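The values are calculated or read from the model by the stated rules, or taken from the named source; none is laboratory data. Just so it is clear, the model here is predicted, and its values are computed rather than measured. So basically every Cβ, Gly included, is an ideal-geometry build from the backbone, and we count neighbours across all protein chains shown.
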Amino acid sequence: MLDQAPVSVMQNRWTPIPVVCSQISGIYEICSLSRGKVHYLSLRSSRTRREDMQVTAGSDEIYRESLALHARHRGKLEIRSKVPFRNRYDLSRAYTPGVAEVCRRIAQDPNLAYRYTLKANTIAIVTDGSAVLGLGNIGGYAAIPVMEGKAILFKEFAGIDAFPICFENYETDFVDQVRNIAPVFGGINLEDIAAPKCFEVEDALQDIGIPVMHDDQHGTAVVVLAALLNACRVTGRNYEDLNIVVCGAGAAGYSITRLLKCIGYDPLVCTMVHEITVCDTRGIIHRQREGLYRNKYKFILSEETNHAGRTGSLADAMEGADVVVGVSAPGIITQDMIRSMNKDPIVFAMANPVPEIWPDAATAAGAAVVGTGRSDFPNQINNVLAFPGIFRGALDACATRISDEMKIAAAHAIAGCIKKPHRRHILPSILNKAVTRAVAQAVADAAASSGCRRII
């Protein structure tokens, strides 16, 4: 059986619902809620028609149901008190005058905010609305429902209280605005911010004393690394000998390449693959290509990858490769490209809802292991396996930031959840909450060993 997929009944058919979504390479995947309930169905690929698979992007009926759900509940989140508030005595402890002593203690030692306030278990989900799902730059107001959905995922999988912070437009002081809301939060999850601004914002916020992570980058990269570790076990490959093609040079593609090639990572904790060739819409990124100086991130890729100096198209890049990782566009990988790769190649086609190549086509062309971003195929590569546990571990450690060690530890923890991987099962189910616990423990331990743990 494959992982369970959220579904709803529509005309006696089971159809995946893109209502509450998390992201992979900028487009949504895991979803829930129909008529106020979460529905699941276990699917067997042999019984699932391709035309049914391709409706993951939604339907008019699902959109109507989603609108009704959000209107009925006025959104998906609310705030509840943890303490009783029934009489004057309760009021005097929770508010004035008693709260004044709590304020005095925190004023003397700001770290006590972790002991006395919601800071220890609360993160901000921050967006400027510039790259929301597949909808593009729709602004802060329109991004609210997606950020609410992400908050639900944090609560459901990791017990974390997360709150949407949606800025209407990206402005020059955006970083300062985010920096100035840090006191109330134990961490910040950057979400749906367009590249290359997402790189700049994350880099600029690494010194604020709490973990800041752009999940679209690092959550995806962590799960790809986990999947790759187990795919190597299945195919008998040595990770350090891999020749990889990354198709897509946006937020996810850049971060995946950095992690697998250890670009900017501590070489004492990061093991790099042999070679990576990155392709974008113009083909292979190489040092001699014109225009690279206009995008410093692609310039970095040109300097740190493709040391053979290959040029040409995606098809040219894939010749003789062991692995292709797609975070790009639907249908751009052909069976001939798969056949040109080394024997028993590993194919991760993560464009959503339609992958770069359908799994059955990739398998027929010789792929030994195939993963996608979808829940109705084996080997779903989805960042929900990573971000709840990473932030849970970071909060448990009162971490000052998310280090290289913490991300790499998360990947190994995810991979370790599969004791005996096989070609159709290299990753755990996204619904398995034991994964979050395993990742959280590994991340908390790595926070301590890398000097990122705050002692309260």
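Here are some notes:
- Test for Asp192: is it farther than 21 Å from Cys398 by Cα, part of a loop (DSSP other than H, G, I, E, B) and not small (Gly, Ala, Ser): yes
- A search for C-beta distances below 6 Å between a residue of the range 82-102 that is among the hydrophobic types (A, V, I, L, M, F, W, C) and any residue that is outside any helix (DSSP H, G or I) and loosely packed, with under 10 Cβ neighbours inside 10 Å, counting only pairs 6+ apart in sequence or on different chains, returns Ala94/Val83.
- Hey, Gly186 crowded, with 24+ Cβ neighbours inside 10 Å, more than 30 Å from Glu319 (Cβ to Cβ), in contact (Cβ under 8 Å) with a residue 40 or more places away in the chain and in the same structural domain as Val126 (by TED's automatic domain parsing) or not: yes
- Flag: Glu148 matches the condition of being part of a helix (DSSP H, G or I), in contact with a Leu (Cβ under 6 Å, 6 or more places away or on another chain) and under 27 Å from Met350 (Cα atoms).
- The residues of the range 222-248 that are farther than 22 Å from Ile430 by Cα and part of a helix (DSSP H, G or I), listed by number, are Thr235, Tyr239, Glu240, Asp241.
- When we screen Val234, Val212, Val246, Val269 for residues that are of a type in the set (A, V, I, L, M) and touching a Leu at 6+ places or on another chain (Cβ under 6 Å), the only hit is Val212.
- Subset of the range 140-151 [small (Gly, Ala, Ser) and either surrounded by fewer than 19 Cβ atoms within 10 Å (Cβ to Cβ) or at pLDDT below 90 (or both)]: Ala142
- Residue in the range 249-257 that is modelled with pLDDT under 95 and either part of a loop (DSSP other than H, G, I, E, B) or surrounded by fewer than 24 Cβ atoms within 10 Å (Cβ to Cβ) (or both) present: yes
For every residue, the table says whether it meets (1) in contact with a helix residue (DSSP H, G or I) (Cβ under 6 Å, 6 or more places away or on another chain); (2) within 17 Å of Val325 (Cβ to Cβ).
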residue: Val273; (1), (2): yes, yes
residue: Arg287; (1), (2): yes, no
residue: Asn295; (1), (2): no, no
residue: Ile300; (1), (2): no, no
residue: Glu303; (1), (2): no, no
residue: Asn306; (1), (2): no, yes
residue: Thr311; (1), (2): no, no
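- Within the option set Gly320, Gly373, being crowded, with 24+ Cβ neighbours inside 10 Å and in contact (Cβ under 8 Å) with a residue 40 or more places away in the chain holds for one residue only, Gly373.
- Selection status of Gly129, under 22 Å from the mean Cα position of the chain (by Cα), exposed (fewer than 14 other Cβ atoms within 10 Å of the Cβ) and not hydrophobic (A, V, I, L, M, F, W, C): no
- Within the range 307-332, the set of residues being assigned to a loop (DSSP other than H, G, I, E, B) and either more than 20 Å from Ala251 (Cβ to Cβ) or among the charged types (D, E, K, R) (or both) comprises His307, Ala308, Gly309, Arg310, Thr311, Gly312, Ser313, Glu319, Gly320, Ala321, Asp322, Gly331.
- Test result for Asn121, modelled with pLDDT of 90 or more, among the polar types (S, T, N, Q) and out of contact with any Leu (no Cβ under 9 Å at 6 or more places or on another chain): no
Residues are listed down the side, and each one gets a yes or a no for (1) in contact with a strand residue (DSSP E or B) (Cβ under 9 Å, 6 or more places away or on another chain); (2) of a type outside the set (Lys, Arg); (3) surrounded by 24 or more Cβ atoms within 10 Å (Cβ to Cβ):
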site	(1), (2), (3)
Ala364	no, yes, no
Ala368	yes, yes, no
Asn382	yes, yes, yes
Ala394	yes, yes, yes
Ala397	no, yes, no
Ala413	no, yes, yes
His425	no, yes, no
Arg437	no, no, no
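- Given (1) out of contact with any Cys (no Cβ under 6 Å at 6 or more places or on another chain); (2) surrounded by fewer than 24 Cβ atoms within 10 Å (Cβ to Cβ), number of the condition Val325 does not satisfy: (2)
- Restricting attention to the range 160-179, the residues that are under 25 Å from Gly75 (Cβ atoms) and outside any strand (DSSP E or B) add up to 8.
- Test set (1) touching a His at 6+ places or on another chain (Cβ under 8 Å); (2) surrounded by 19 or more Cβ atoms within 10 Å (Cβ to Cβ); (3) among the acidic types (Asp, Glu) - Asp216 fails condition number: (1)
- Ile455 satisfies every condition listed in (1) among the β-branched types (Val, Ile, Thr); (2) assigned to a loop (DSSP other than H, G, I, E, B); (3) within 16 Å of Val223 (Cβ to Cβ) except (3).
- Scope the range 290-306; condition part of a helix (DSSP H, G or I) and in contact (Cβ under 8 Å) with a residue 24 or more places away in the chain; matching residues: Lys296, Tyr297, Lys298, Ile300, Leu301, Glu304
- Filtered residues of the range 76-98 (kept if surrounded by 12 or more Cβ atoms within 10 Å (Cβ to Cβ) and within 29 Å of the chain's Cα centre (by Cα)): Lys76, Leu77
- Residue match in the range 331-351 (condition: touching a residue at least 24 places away in the same chain (Cβ under 8 Å), of a type outside the set (Gly, Ala, Ser), surrounded by fewer than 23 Cβ atoms within 10 Å (Cβ to Cβ) and within 27 Å of Lys150 (Cβ to Cβ)): no
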